[in-house]
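Just below is one structure, and these are the notes that go with it.
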Amino acid sequence: MEKKTLKAGFIGSGFAARFHYEALQHVFSTKVEVAGVYSVAHDEAVAFAAERGMKIYDTMEELIEDADILHVCTPPVTHEPIVTAVLARDKNVIVEKPFTGYFGDGTPEFNGETFPRERGLEVTLESCRRMLDAEARSKGRIMYAENWIYAPAVQKEREIIEKTRAQVLWINGEQSHSGSHSLAYGQWRLSGGGSLIGKGCHPLSAAIYFKHVEGRVRSGKPIRPVSVSARTHALTRMPGFEDKGFLKTHYKDVEDFAIVHVVFEDGTLADLIANELSLGGTNNWIRVNANNHRTLCNMSHNDTMQTYTPDGEIYKDVYVVEKTETKEGWSEISPDEGWFLGYQHELDAFYRAAATGCHIESNSRLASDTVATIYAAYVSAARHGEEVKVENL
């Protein structure tokens, strides 16, 4: 059978656009043509396009018209207007995480430490509703770019839950490392929060996804989060923090540690950790404890490949693993980090869904459940861990 040809358009030309483009090279379920790129950062867009032989569009509207699927690779504060504009033209849209959020009041004086967290939750839920309403009116669909969902280990656990009709009782997981290099990451007005939204979104989305899968199999509808308790801290901004130069410390008004306890509709639980305080590379893992099995999905670190060198300089041109501080000694090297983390599988699944109309595993409901839980968790943290209701949109 002849594969369908779909045209991709890139909105944004920074880091996310670059790894989206690389993952796009592994799409095999359809033929892909790249329409081009539009970005407000013109010089960056020129360099991005020149390296890949792509067309630069003068307006976003022209790019949307020419493409079948739009990759939204822009800062999260811009997600809602771009996503709704794409859906208004009946096109499919891949939107990066976080789905949406609260990014301040637009004033230079905005401080992420002092605004009412209830206001952040309210604005976020309103934004989610507008995006979901736009999707409901459109022939296009939202594809939530949460790569953990498409990590091979997570998809294998999805198969186990489906085929064994498991009851998932407790999930725990973590993403942590020594901190982001991005200066924008440490400012609430640009990032919508700190470690909870920047890192916690990954294990949280995976936990919610597993409960969605279980619910669809056992009762025909997803099992969704109903409440959350959380604590957040800014340990690298403590007066007594001793900076040895290994951890990132440029955060202005966001947390660097978060712990979240989620209760689902059926009374089951998830406990998740996200922080910027862990040396030695990224910890990406989630564990499922069910009534008939236990599974550890370990995206990194894992022991697929291990290597040793007495001098890190020997490996200066060798990529080892994300966020490692040194290559000296033993390393748990990832032979294909993008594969383990699901980036390649994610885009292939999205393009297959666009071509065939099949179910999207990482969809708008997962996106909205995740971000609603995160901002309810921020309310809980402001109330020193008080349980807060999660609104299901």
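General remarks:
- Under the criterion of Cα pairs below 8 Å and six or more residues apart, the relative contact order for the chain equals 20 percent.
- Column: log10 I(q)/I(0), Debye, Cα scatterers of region 5-145, q = 0.09, 0.19, 0.21 Å⁻¹: -0.29, -1.10, -1.25
- Antiparallel DSSP beta bridges within region 41-149, percent to nearest 5: 0
- Taking 0.36 nm per residue of sequence separation and removing the Cα-Cα distance, the Ser182/Arg18 pair yields an extension gain of 57.5 nm.
- Those lysines that a straight Cα-Cα span of less than 24 Å connects to Lys327, excepting residues fewer than 8 apart in one chain: Lys199, Lys244, Lys248, Lys316
- Put in line by how crowded their Cβ is, counting other Cβ atoms within 10 Å and starting with the fewest, Thr268, Thr78, Thr282 read Thr78, Thr268, Thr282.
- Order of Lys323, Lys389 under a 10 Å beta carbon neighbour criterion, fewest first: Lys389, Lys323
- Taking the centroid of alpha carbons for each part, region 216-254 and region 113-168 are 18 Å apart.
- Bridgeable lysines around Lys139 (alpha carbons under 20 Å apart, same-chain partners fewer than 8 residues away excluded): Lys4, Lys7, Lys91.
- Beta bridges from DSSP with both residues in the chain: antiparallel share about 55 percent, rounded to the nearest 5.
- Sorting Ser331, Ser13, Ser205 from the fewest to the most surrounding beta carbons within 10 angstrom yields Ser331, Ser13, Ser205.
- Calculated Cα extents along the principal axes in Å (choose from [x] 59, 50, 45; [y] 72, 58, 34; [z] 55, 55, 51), label: [z]
Readers should treat all values here as calculations from the given coordinates under stated rules, not as data from a laboratory. This one's a predicted model, so the numbers in the text were calculated from it and none came from an experiment. Reconstructed Cβ throughout: ideal geometry from the backbone, glycine too, with neighbour counts over all protein chains shown.
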